[in-house]
Amino acid sequence: MDKKVLRNLSYGVYVVTTKTEDKKVGCIANSIIQVTSEPVTIAISINHDNYTNECIKKSGYFGVSILKESTDPKIIGEFGFKSSRNTDKFKNILFEEIENIPVIKDSCGYITCKVIDKIETATHTIFLGEAIKAGDYTSESPMTYKFYHEKLKGTSPKNAPTYQKDELVQEKTTKKRFKCSVCGYVYEGESLPEDFICPICGQPHTVFYEIN
């Protein structure tokens, strides 16, 4: 099966969050859709291995923050390539709590939902949530997955529904390419500076390796 055709489907980039026992958690997601208009119902897909999945089941609520093109890429690094089990992802992130659910302020806006149903697949849980509140922070353009890949040079976290093992599309270039082993960001240049810090996940140059 040629999975490359799946990249033609439309995806955004979101942070899905929840709170349980005073612990705030969240992860990056791209498979989120509105499935009904009255009442407003949102469907999200979260990997079984994500701690956020477990916490949504405990709390019964989730929030969706819609990232914008100018969102600090480090938010994607924090929420996409670290685990809430052992990391306070909100420590250096501007957020607020809406109906006890943390949402990211460096975004287009948010939707908070109460879980009304769920469907289990082999790898993911699809949560259906009835919207409780929603609000805008800006009228800037929302970040699409195409923008994330092409402009930010990012790749999908392994737990993402859209993850493909060999998803890096090579283009002809005379420059050398160095790939971050944590988040997949690709740096192009004659060499990788020793003081280089990955703009997505904040890792040092030592985690990069050269690719063809």
message: So in the stretch 40-56, with the set limited to residues that are assigned to a loop (DSSP other than H, G, I, E, B) and in contact with a strand residue (DSSP E or B) (Cβ under 7 Å, 6 or more places away or on another chain), which one is least open to solvent (accessible area, probe 1.4 Å)?
response: Asn50
task: Of the conditions (1) open to solvent by 60 Å² or more (accessible area, probe 1.4 Å); (2) small (Gly, Ala, Ser); (3) farther than 18 Å from Gly109 by Cβ, Ser59 clears all except one; give me its number.
output: (1)
message: Among the residues that make up the stretch 26-39, is at least one of them small (Gly, Ala, Ser), open to solvent by 70 Å² or more (accessible area, probe 1.4 Å) and closer than 23 Å to His149 by Cα?
response: no
task: List the number of the failed condition for Ile200; all other conditions in (1) of a type in the set (Val, Ile, Thr); (2) farther than 20 Å from Gly26 by Cα; (3) modelled with pLDDT of 65 or more; (4) in contact with a strand residue (DSSP E or B) (Cβ under 9 Å, 6 or more places away or on another chain) hold.
output: (2)
task: Kindly list, by first and then second residue, each pair from a residue in the stretch 64-75 that is in a helix (DSSP H, G or I) to a residue that is buried (at least 23 other Cβ atoms within 10 Å of the Cβ), limited to pairs with Cβ atoms under 8 Å and residues at least 6 apart or on different chains.
output: Pro73/Gly154; Pro73/Ile200; Lys74/Ile200; Ile75/Val15; Ile75/Leu67; Ile75/Ile104
task: Among the residues of the stretch 172-211, count how many are assigned to a loop (DSSP other than H, G, I, E, B), β-branched (Val, Ile, Thr) and more than 21 Å from Thr71 (Cα to Cα).
output: 2
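The values are calculated or read from the model by the stated rules, or taken from the named source; none is laboratory data. None of these values were measured; they are calculated from a predicted model. With ideal geometry, Cβ positions are generated from the backbone for all residues, glycine too; neighbour counts draw on all protein chains shown. Surface accessibility is based on the protein's heavy atoms, side chains included, excluding ligands, DNA and RNA. Shrake-Rupley method; radii C 1.70, N 1.55, O 1.52, S 1.80 Å.
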